[in-house]
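A short write-up of the structure that comes next.
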Amino acid sequence: MTTDQTFTRRALAAAALAALAITISPASPVKAAEACTTDTVTLVVPYAPGGVVDLIGRVVADDLRTSIGHNVIVENKPGAGSNIGTAAVARAAPDGRTLIVASAAHTINPSIYAKQPFDAITSFAPVGMIGVVPNLIVVPPDFPAKTMQDLIAYAKANPGKVDFGSAGTGSSPHLAMEMLKVKTGIDMLHVPYSGQPQAVQDLLGGRIQAMALTMTLALPLVKEGKLKALAITSDTRSDALPDVPTVAETVSPGFNVVTYLALLAPAGTPPKTVDCLAKALQAGLAKPEVVARLKPLGATVTPSTPAELGAFLEKDKANWADVISKANIKVQ
């Protein structure tokens, strides 16, 4: 299952955590009469610090801080596959002072959690898409597979003996590997973690054998030789690793799984406030200096209007519901 092509056409870029050290030039705040909000904005990241959603969220917060004329504080609220932070935003006052950086889990979770205290669509007001990030399927350097074809052959010869990690059940990297299992007929054991950094530590230590890891975290480790990249999960190769093939061209035609990132507000936020925030976000994503910060994080900037994001979220939710139903993936 793929995300909307509207958000996946551009070439995928490299990832490096050092991008956080780059500063952006200040922009002129909007006039007080045109301000999106009257006070400090809290941008909720429903994951622990250090992951792709957190890193990209902080870039967005930096630009919004200058463009709307108010402080923007990033608050990490991890837990329950992003449900804890998401629920907090759904309950927040719809005044433009609380926003969330949503990712693919937002439209995946409704199909894997029996009950959520919010609705992924009706509990939120879409503001705009930020971008998309692909995953790299990686293994430790000493793992016997050198190509995706090798990995599939090894897994088939050793059913149930290849453990793969993820940031948690229902995350985009997890479902990328589940889709790979379905498409190729292999049997691998999923080991969920509370975040990608924790899973990476076990991958580096050889306690798990494979992972679909976001470009943000994978690229530096691949370039340093600490991990071996077998394939990229998007439908196009990355300029950062042009010699690494796609899953689609190696073992599963049509394969395409990426992580999107989008800005949402609580449902009921006044249209004027949503429009103001949307224009501020779009203006920021058009700045070369902002793009320059997002590019090393593996993100392809894919701005949208609130209406376009709303349509995308509904379609993506329906798409994943079909995949998850067929794979019978559930969280108790």
Practice problem: Would you mind telling me which numbered condition in (1) in contact with a strand residue (DSSP E or B) (Cβ under 7 Å, 6 or more places away or on another chain); (2) surrounded by fewer than 22 Cβ atoms within 10 Å (Cβ to Cβ) ALA212 fails? | Solution: (2)
Practice problem: Any chance you could count how many residues in segment 238-253 are touching a residue at least 40 places away in the same chain (Cβ under 8 Å), assigned to a loop (DSSP other than H, G, I, E, B) and surrounded by fewer than 21 Cβ atoms within 10 Å (Cβ to Cβ)? | Solution: 4
Quiz item: Is one or more of the residues making up segment 234-249 on the phi > 0 side of the Ramachandran plot, at pLDDT 90 or above and over 19 Å from the mean Cα position of the chain (by Cα)?
Solution: no
Quiz item: Is it the case that ALA231 is part of a strand (DSSP E or B) and over 20 Å from SER82 (Cβ atoms)?
Solution: yes
Practice problem: Would you be able to tell me the number of residues in segment 267-323 that are touching a strand residue (DSSP E or B) at 6+ places or on another chain (Cβ under 8 Å), free of Cβ contacts under 8 Å to residues at least 24 places away in the same chain and not in a helix (DSSP H, G or I)? | Solution: 0
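For every residue, the table says whether it meets (1) within 17 Å of the chain's Cα centre (by Cα); (2) touching a residue at least 60 places away in the same chain (Cβ under 8 Å); (3) closer than 25 Å to LYS279 by Cα.
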position: HIS70; (1), (2), (3): no, no, yes
position: SER103; (1), (2), (3): yes, yes, yes
position: PRO110; (1), (2), (3): yes, yes, no
position: PHE118; (1), (2), (3): no, no, no
Quiz item: Quick check: is even one residue across segment 140-159 aliphatic (A, V, I, L, M), in a helix (DSSP H, G or I), over 29 Å from LEU294 (Cβ atoms) and touching a strand residue (DSSP E or B) at 6+ places or on another chain (Cβ under 8 Å)?
Solution: yes
Practice problem: Select from segment 85-105 the residues that are in a helix (DSSP H, G or I) and at pLDDT below 95 and list them in ascending order. | Solution: ALA105
Quiz item: Residues in segment 278-297: is at least one on the phi < 0 side of the Ramachandran plot, among the polar types (S, T, N, Q), modelled with pLDDT of 95 or more and buried (at least 19 other Cβ atoms within 10 Å of the Cβ)?
Solution: no
Practice problem: Look through segment 63-86, keep the residues that are of a type in the set (D, E, K, R) and buried (at least 19 other Cβ atoms within 10 Å of the Cβ), and return whichever of them is nearest to TYR113 (Cα to Cα). | Solution: LYS77
Exercise. From (1) in contact with a Pro (Cβ under 7 Å, 6 or more places away or on another chain); (2) part of a loop (DSSP other than H, G, I, E, B); (3) polar (S, T, N, Q), pick out the condition that doesn't hold for THR122.
Key: (1)
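The values are calculated or read from the model by the stated rules, or taken from the named source; none is laboratory data. Because the structure is predicted, anything quoted here is derived from the model rather than measured. No Cβ is skipped: glycine too gets one built from the backbone with ideal geometry, and neighbour counts run over all protein chains shown.
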